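Every number in this text was worked out from the coordinates using simple rules, so none of it is lab data. Since this is a predicted model, take the numbers as computed values, not measurements. We place every Cβ from the backbone using ideal geometry, glycine too, and count neighbours over all the protein chains shown.
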Amino acid sequence: MRALRTRLLCIVAAVVAAVLLGTALAVPDATAASAVRRYAVITFDKNHDNTLRSQVIWRVFAVQDGVRTKLVEQRWRAGSGRTRHSTNSCALNRGWLPNGWYSPKLYSDYPGSKIRGRAIYLGNKRCPDGTLRTDLFIHTEQGAGNVQCADAPGDQVCRWEYPKINDYQSLGCVKLAPGDLHQLYDAWLRFFHTGYDSRVRVHVIS
């Protein structure tokens with residue numbers, strides 16, 4: 001009888017030990033690395049010598065345990081404003097974008113009357129003198145469905161005609177060549193969602 005009781009006590013002790021060990025293994029390791037957070041910044045870097053030869057820069061960063069690492073960087077030529085000297089961000093329909101931060105919204109096929117296809121909506125922004133600049137975009141010249149319309153005389157909003165016509169000029173938005181906008185669109189979708197994504201910001205700088 002005593003031998004049986006001893007065996008039972010040993011079995012119970014083994015079961016309790018296994019349960020305690022399993023519980024200990026289920027507790028998260030306090031020393032484990034924290035999750036990785038990713039975010040992106042689209043920078044419009046203005047060129048004061050020629051507003052139609054500025055740059056759009058796409059950068060993706062990862063942050064883990066307070067350390068930031070740059071994962072991706074791509075650059076494209078961009079224009080903003082009606083002429084190479086359109087450096088007044090308060091000039092409606094001809095000056096380049098006001099400096100500052102924007103919350104972009106990515107469209108795969110924007111259904112506007114002049115802006116169509118891939119586009120990034122930036123919203124509205126007040127310039128230094130308080131003038132409100134409205135309906136600001138990063139876009140190109142193309143038709144619905146990102147299709148180039150047939151060539152015709154004059155400047156067409158549905159066709160990229162550079163260098164015959166300098167399509168980098170705009171009413172104040174940021175303009176990219178269609179292929180470059182496509183690359184920016186694809187770069188966004190590698191990490192983030194279409195529409196508004198709080199992890200993507202646009203920064204306009206001088």
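Students often get this wrong, so check it: of K70/K125; K125/K175; K114/K175, which have C-alpha atoms separated by over 20 Å?
On the way: K70/K125 28 Å; K125/K175 17 Å; K114/K175 13 Å.
Checking Cα-Cα distances, K70/K125 exceed 20 Å.
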Calculate the radius of gyration of the Cα atoms of the range 40-205 to one decimal place, then report Dmax, the largest Cα-Cα distance, as a whole number, both in Å.
15.6, 58
Within 10 Å of each residue's Cβ, count the other Cβ atoms and sort C127, C90 from fewest upward.
C90, C127
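Add +1 for every Lys or Arg and -1 for every Asp or Glu among the other residues with Cβ under 14 Å from the Cβ of F191, and state the total.
Result for the neighbourhood of F191: +4.
Apply the Kirkwood formula to the range 75-136: the hydrodynamic radius equals the inverse of the mean of 1/r over all pairs of different alpha-carbon atoms; give it in Å with one decimal. The partial results should precede the final answer.
Numbers: mean 1/r = 0.0785 Å⁻¹.
Final number for the Kirkwood radius of the range 75-136 is 12.7 Å.
Assigning unit charges at the beta carbon (Lys, Arg +1; Asp, Glu -1) and nothing else, what dipole magnitude in debye, to the nearest 20, does the range 113-152 show about its Cα centre?
Computed about the Cα centre, the dipole is about 180 debye.
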Ranked list, fewest to most other Cβ atoms within 10 Å of each Cβ, for I165, I138, I115
I165, I115, I138
